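Trainee: Below you'll find the structure I mean.
Every number in this text was worked out from the coordinates using simple rules, so none of it is lab data. Keep in mind it's a predicted model, so treat the numbers as computed, not measured. Cβ sites come from the backbone with ideal geometry, for glycine too, and all protein chains shown count toward neighbours.
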Amino acid sequence: MNGYETIFIVKPSLSDEEVAKITEKIKGVIQKAGGEVVVTENWGKKKLAYEVRKEKKGTYLIAHFKGTGTTVSELERSYRLDESIIKFITIKIEDEQLGKTLPARDEKPVSSFRDRESVGGR
């Protein structure tokens, strides 16, 4: 089984109880498809980079799990069927990274493109 990270965004209008139910549903889908959930986290409401399904904000949720390609297929099928999930992505990660989730960065990068030294060029 491979390690995977999935991030999904739900509508910001949902209550904490509804978000918890969706998280439990996703855990159930992973387990039913033969996967093993390592960790799930709620990153809270954040502003989206662009409008998705007429939403400007969303509640970000992340899960790390072990599974197969079939597990991922079933999970993403479940995402598409749930109207409260507005965006999702699932990527394969190394086993050493399982359980090590990093929070989304709210602050801007310390250095900008203009602050960097020129490499190569004329």
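Trainee: Considering only residues that are farther than 13 Å from E5 by Cα and either of a type in the set (S, T, N, Q) or within 12 Å of the chain's Cα centre (by Cα) (or both), which ones fall in the range 33-59? Walk me through it before giving the result.
Mentor: Quick first cut of the range 33-59, residues farther than 13 Å from E5 by Cα only: 33-34, 42-59.
Answer for the range 33-59, where residues must be farther than 13 Å from E5 by Cα and either of a type in the set (S, T, N, Q) or within 12 Å of the chain's Cα centre (by Cα) (or both): N42, W43, G44, G58, T59.
Trainee: Right, another one. Please go through the range 45-102 and give me each residue that is touching a helix residue (DSSP H, G or I) at 6+ places or on another chain (Cβ under 8 Å) and of a type in the set (S, T, N, Q), ordered by number.
Mentor: T59, T71, S78, S84, T90
Trainee: Out of the residues in the range 40-95 that are closer than 17 Å to E24 by Cα and aromatic (F, W, Y), state the one that is surrounded by the most Cβ atoms within 10 Å (Cβ to Cβ).
Mentor: Per the criteria, the residue is F65.
Trainee: Still on this structure, please answer the following. State whether one or more residues within the range 8-26 are touching a residue at least 60 places away in the same chain (Cβ under 8 Å) and among the acidic types (D, E).
Mentor: Within the range 8-26, the subset touching a residue at least 60 places away in the same chain (Cβ under 8 Å) is 8-11, 14, 18, 22.
Those left that are additionally among the acidic types (D, E): 18.
Looking for residues that are touching a residue at least 60 places away in the same chain (Cβ under 8 Å) and among the acidic types (D, E), one finds at least one in the range 8-26, hence yes.
Trainee: Strands (runs of 3 or more DSSP E) wholly in the range 1-74 with at least 3 residues that are over 21 Å from G99 (Cβ atoms) - which ones?
Mentor: Working: elements: 2-10, 36-52, 55-67.
So the answer is 36-52, 55-67.
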